[in-house]
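Asker: First the structure, which I've put down as structure tokens, then a few questions once you've had a look.
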Amino acid sequence: MQVRTILCYGDSNTNGTRPLRVPGALDRYAEDERWPGLLRASLGESWRVIEEGLPGRTTVHDDAVEGRHRNGLRTLRACLESHLPLDLVAIMLGTNDLKARFSVEPADIAASVGTLLAEARIATAAQDFAPRLLVIAPVPIDEAGFLGAMFRGGAEKSRHLAPLYEAIAERNGADFLDAGAVARVSAVDGVHFEADQHAALARAMAAKIAAMFPG
């Protein structure tokens with residue numbers, strides 16, 4: 001039986017962070033509750049699902065508050081090369097770029113995803129075949145709870161990302177999925193998912209992968 005491998009590269013919503021009520025109280029859903037784990041169960045033994053979700057990860061920005069290691073571009077190549085060969089690389093980043101401290105526009109966030117796609121091509125060039133790339137537009141956020149101030153102005157920006165991400169994906173020969181079409185953020189903090197939304201995203205991902213890799 002052929003076993004394919006997908007690497008899921010994202011932030012806290014790939015990590016499975018539960019909605020936050022107070023600062024510093026990081027809590028993660030169990031493997032069988034967060035969407036990559038649910039995807040693994042759905043795909044079965046024919047797929048290996050690698051979770052690379054880091055809370056606070058941006059696309060290409062060093063975070064002076066939370067650390068330079070949150071820069072997704074800095075760590076992407078190491079993550080990819082450590083898991084070669086890969087059949088599919090799924091990237092869902094951009095939510096943390098919406099923090100007020102970065103002051104970037106939706107078009108710039110989408111362009112940063114394009115930079116990640118280019119880096120992914122370079123990082124996987126050593127394997128015999130090029131992996132498929134999947135761009136996932138993050139779920140639009142709300143400015144709620146204690147995270148509201150941190151993401152001030154980000155909610156409106158987040159609602160413009162999906163079509164920009166789709167265009168970047170098409171330009172780079174990548175597939176596209178709009179997570180905002182199938183899931184929503186929690187009212188608790190306006191950024192993270194409740195358990196049922198992890199399940200919804202996992203279902204959409206499984207359907208997308210089945211369409212990308214028929215048979």
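A short reminder: the numbers here are calculations on the coordinates, not readings from a lab. Predicted model only: the values in this text are computed from it and were never measured. Positions of Cβ are generated from backbone atoms using ideal geometry, with glycine treated the same way; all protein chains shown enter the neighbour counts.
Asker: Mind ordering 186-198, 141-153 by average Cβ neighbours within 10 Å, highest first?
Answerer: Numbers: 186-198: 20.1, 141-153: 17.5.
Answer by packing, highest mean first, reads 186-198, 141-153.
Asker: Taking the chain as the reference, fit the longest principal axis to its C-alpha atoms, fit the long axis of helix 106-123 to the helix C-alpha atoms, and give the angle between the two in degrees, 0 to 90, nearest 10.
Answerer: Helix 106-123 and the main axis of the chain meet at about 30 degrees.
Asker: Okay, next question. Quick one, which of (i) 16.0, 50; (ii) 20.9, 73; (iii) 17.7, 57 is the actual Rg and Dmax of the Cα atoms in Å calculated for this model?
Answerer: (i)
Asker: Of the listed peptides 25-34, 97-106, what is their order by residue-averaged count of other C-beta atoms within 10 Å, with the highest listed first? List each step's numbers first, then the result.
Answerer: On the way: 25-34: 13.5, 97-106: 18.1.
Going by the mean number of other Cβ atoms within 10 Å, highest first, we get 97-106, 25-34.
Asker: Treating the beta-carbon of each Lys and Arg as +1 and of each Asp and Glu as -1, no other charges, what is the dipole magnitude of the stretch 4-212 about its Cα centre, to the nearest 20 debye?
Answerer: Values: 23 positive and 28 negative charges, 28 e Å.
Here the size comes out at about 140 debye.
Asker: First measure r as the distance between the Cβ atoms of Arg48 and Thr115, then evaluate 1/(1 + (r/R0)^6) with R0 = 35 Å and state the FRET efficiency to the nearest 0.05. Provide the component values of the computation, followed by the final result.
Answerer: Details: r = 27 Å, r/R0 = 0.76.
My answer for the efficiency is 0.85.
Asker: Hey, another quick one. For an R0 of 30 angstrom, estimate the FRET efficiency from the Cβ-Cβ distance between Phe213 and His69 and round to the nearest 0.05. All intermediate terms of the calculation are to be shown ahead of the outcome.
Answerer: Numbers: r = 32 Å, r/R0 = 1.07.
About 0.40, to the nearest 0.05.
Asker: Roughly speaking, what is the stretch gain from Arg159 to Ala30, that is 0.36 nm per residue apart minus the C-alpha to C-alpha distance, in nm to one decimal? Don't skip to the end; give the middle numbers.
Answerer: Working: separation 129, 0.36 × 129 = 46.44 nm, distance 2.90 nm.
Result: 43.5 nm gained on full extension.
Asker: I would also like to ask the following. Quick one: helix 161-171 against the long Cα principal axis of the chain, what's the angle to the nearest 10°, folded into 0 to 90?
Answerer: That helix lies at roughly 30 degrees to the long axis.
Asker: I would also like to ask the following. R0 = 41 Å: FRET efficiency of Arg184 with Thr5, Cβ-based, nearest 0.05?
Answerer: Numbers: r = 29 Å, r/R0 = 0.72.
Rounded to the nearest 0.05, the efficiency is 0.90.
Asker: Out of all DSSP beta bridges with both ends in the chain, state the antiparallel percent to the nearest 5.
Answerer: Just about 10 percent of them are antiparallel.
Asker: Here's a follow-up. Sticking with the crude label model, points 7 Å out along Cα→Cβ, report the distance from Ala130 to Arg77 in nm, one decimal please.
Answerer: Going from the Ala130 label point to the Arg77 one covers 1.8 nm.
Asker: Using only the alpha-carbon atoms, how far is helix 195-212 inclined from the longest principal axis of the chain? Give it as 0 to 90 degrees, nearest 10.
Answerer: Helix 195-212 sits roughly 30 degrees off the main axis of the chain.
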